[in-house]
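Read-outs throughout are calculated quantities, based only on the coordinates presented, and are distinct from any laboratory measurement. Predicted, not measured: the structure shown is a model, and the values here were computed from it. Cβ atoms come from the backbone with ideal geometry, glycine included; neighbour counts cover every protein chain shown.
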Amino acid sequence: MSRADVCVVACAETFRGDGEILAAGIGGAITVLAARLARLTFAPDLLTTDGTCLLTADVPALGADPGGVEGWLPFRDHLWLVLHGRRHVLLGASQLDRYGNSNISCVGDWSRPKSQLLGVRGVPGNTVNNPTSYWIPKHSPRVFVPRVDMVSGVGYDRPGRGRFHDLRRVVTNLAVLDFATPDHSMRLASVHPGVTVNDVLENTGFPLTVPDEVHQTRLPTEDELRVLTSLDPRNQRAREVPS
Amino acid sequence: MTKVLAIEDVVGGLESGMTVGIGGWGSRRKPMALVRAICRSSLRDLTVISFGGPDVGLLCAFGKVRRVIAPFVTLDSIPLEPWFRIARQRGLIEFTEYDEGMFMFGLLAAAHRLPFLPTRAGLGSDVMTINPDLRTVRSPYSDGEELVAVPALTMDVALLHLNRADQRGNAQYLGPDPYLDDLYAKAATRCYVSCERLVTEFKEGPVQSLLISRSMVTGVVETPGGAHFTSCEPDYGRDEAFQRAYLEATTSADSWRNFAQRYLSGDEGDYQRAVAG
């Protein structure tokens, strides 16, 4: 069992209990694997896509064609689904702050950035309309910053976040974080096997709430490892999180 | 009545300072033959409305752009668009950055001749800060909710690339996703469609694939390979090797000069021959 396996399962866990909604993993192999693993194990009602606009009837391996198609979700309907809310998105971020504000737009001053990134994409609308979790493959003070340069995804301290705002968890290569504090600031929920609380604190650029007892992230079951191997036979997940 | 035009006719009818909407999504089904022709023209100061890909990048590379209105600019398989980055980081262009859902509502508003449409997308984010002209509206009903009033994304011209079209201007997509192309056509004063193949009868695909009606179309151009190097499923996929070469060409002034000389110094026929090697 590798660190990447632990990360995929921790990401999959964000979808537990979601029911019959779209589990949307965006960017990289691990978010996609997480949605597919959850659907194949403890969250069978989830909907997943082929990475484009097909809702797949079964759950194919990474890069493989589905055995069948159960629905059509072109971009226009995907954008509708965000507003409708029956979707939980697991996405990356270049910067995240203590209240879950995220940035994927640019680094530096927005008016003339030091580094132009993607642009906000759908993240502003995602975060105020459907449940949102983050996957950060390299937990570091460069990502976990006191203040993001451009608020793309909306955090818990922003006025206007509205009644459908629902940031769930942040999974990283070191730990699982959540917002289960009185002011919804970030809290250490569990550390992955082999990681200490100090490792996490040293790699987080803002004060993190640490509970008296920090649990270890749960290990993948044998069944989950078997499913994971069939979903990702070329071990693409290890490229995102080297052991 | 035939609306068939040559590429140069389309671009010859455009003017500097216009607002131009470009269909497709990222590095998918972009009207690149028309974009390349704009790059060859003397046009400048364009406002470009796009789910941005290399269309935006190339127009920036050739100094055609005053403002980009977009939620992102990406090459999809390569996340960051190199020329858009350069233009932003050098302060060469203005940028109206919208959330994707806001952007779609802006197109929908324009397509329905509404001044704006309300949405939650954008609230609480810096999209509201960086676009100081954006306004909110309060629901007139008992909920009283405050929402973003996304202004209509009206445009002078829309440029689209579809798989098939007829000479009257009806156009059909055969790939899995229509993107938002029909909304661009409806949001524009004039719409030009380039296509892989002109047909006399639509024999491929179901009736739902007839995305664009001739009543929305000003002119049609047959440009085989006209979306290259973006994808145009099912006629062809994205040319990933060429896209990587485009990215690498942006790493120095010399390499860009060589790339532009090799591929972008002649007309569309020269381009297609250079790509074929």
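What distance in nm separates the two pseudo spin-label positions at A:Ala64 and A:Lys138, each 7 Å out from Cα along the beta-carbon direction?
3.1 nm
Rounded to the nearest 5, what is the percent of antiparallel bridges among the DSSP beta bridges in the protein assembly as shown?
Looking only at bridges with both residues in the protein assembly as shown, the antiparallel portion is about 40 percent.
What percentages, rounded to whole numbers, describe P(r) for segment B:1-146 computed over all alpha carbon pairs with 10 Å bin width beginning at zero?
So the P(r) values, bin by bin, are 11, 36, 33, 14, 5, 1.
At 0.36 nm per residue, and after removing the present C-alpha to C-alpha distance, how many nm does the segment from A:Phe164 to A:Gln216 gain when stretched out fully?
Residue separation times 0.36 nm, minus the Cα-Cα distance, leaves 15.7 nm.
How far is it, in nm, from the label point at B:Asp9 to the one at B:Arg67 when both lie 7 Å from their Cα along the line to the Cβ?
Roughly 3.2 nm, to one decimal.
Among DSSP beta bridges whose residues both lie in chain A, state the antiparallel percentage, nearest 5.
50 percent
For the protein assembly as shown, what is the calculated [θ] at 222 nm in deg cm²/dmol (nearest 500), taking -39500 (n - 2.57) for each run of four or more DSSP H residues and dividing by its residue count?
-7500 deg cm²/dmol
Fewest to most neighbouring Cβ within 10 Å: what's the order for A:Glu70, B:Glu81, B:Glu233, A:Glu13?
Placing the least packed residue first, the sequence is A:Glu70, B:Glu233, A:Glu13, B:Glu81.
What residues of segment A:23-44 lie in the reach of a label at A:Leu55, counting those whose backbone N is under 12 Å from a point 7 Å from the Cα along Cα→Cβ?
A:23
How big is the charge dipole of chain A about its Cα centre, in debye rounded to the nearest 20, if each Lys and Arg gets +1 on its Cβ and each Asp and Glu gets -1 on its Cβ?
Magnitude of the dipole: close to 700 debye.
If the only charges are +1 at each Lys and Arg Cβ and -1 at each Asp and Glu Cβ, what is the size of the charge dipole of chain B around the Cα centre, to the nearest 20 debye?
The dipole magnitude comes to about 420 debye.
Please arrange B:Ser139, A:Ser140, B:Ser27, A:Ser94 by counting, for each residue, the other beta carbons lying within 10 Å of its beta carbon, fewest first.
Ranking B:Ser139, A:Ser140, B:Ser27, A:Ser94 by Cβ neighbours within 10 Å, fewest first, gives B:Ser139, A:Ser140, A:Ser94, B:Ser27.
If you average 1/r across every pair of different Cα atoms in segment A:103-173 and take the reciprocal, what Kirkwood value do you get, in Å?
One over the average 1/r among Cα pairs gives 13.0 Å for segment A:103-173.
Around B:Arg190, which amide H atoms from residues at least 5 apart in sequence, or from another chain, sit under 5 Å from its own amide H, with H modelled in the peptide plane?
Amide H to amide H, under 5 Å and 5 or more residues apart or across chains, B:Arg190 pairs with B:Val157, B:Ala158.
Checking the cross-link filter: which lysines have an alpha carbon closer than 26 Å to that of A:Lys138, excluding same-chain neighbours under 8 positions apart?
A:Lys114
Nearest-5 percent of antiparallel DSSP beta bridges in segment A:1-136?
50 percent
Could you line up B:Ser50, B:Ser265 from fewest to most neighbouring Cβ atoms inside 10 Å?
So the residues, fewest neighbours to most, are B:Ser265, B:Ser50.
Just in segment B:106-196: which GluC sites (Glu not before Pro) are loop by DSSP and have at most 16 other Cβ atoms within 10 Å?
The qualifying sites are B:Glu145.
What are the extents of the Cα atoms of segment B:1-70 along their three principal axes, in Å, largest first?
35, 25, 17
Could you pull out every residue, at least 5 positions away or on a different chain, whose amide H is within less than 5 Å of the one on A:Ala189? Hs are placed 1.01 Å off N in the peptide plane, and Pro or chain starts have none.
The answer is A:Val176, A:Leu177, A:Asp178.
If R0 is 51 Å, what FRET efficiency do you get for B:Met1 and A:Leu225 from their C-beta distance, rounded to 0.05?
With R0 = 51 Å, the Cβ-Cβ based efficiency is 0.20.
Calculate the length of the line joining the C-alpha centroid of segment B:89-114 to that of segment A:50-124, in whole Å.
18 Å
Run down the lysines and flag those whose C-alpha is under 27 Å from the C-alpha of B:Lys30, throwing out any fewer than 8 positions away in its chain.
B:Lys3, B:Lys64, B:Lys186, B:Lys203
Taking amide H positions as placed in the peptide plane 1.01 Å from N, state which residues far from B:Ile49 in sequence (5 or more) or on other chains have amide H under 5 Å from it.
B:Val20, B:Gly21, B:Ile22, B:Ile69
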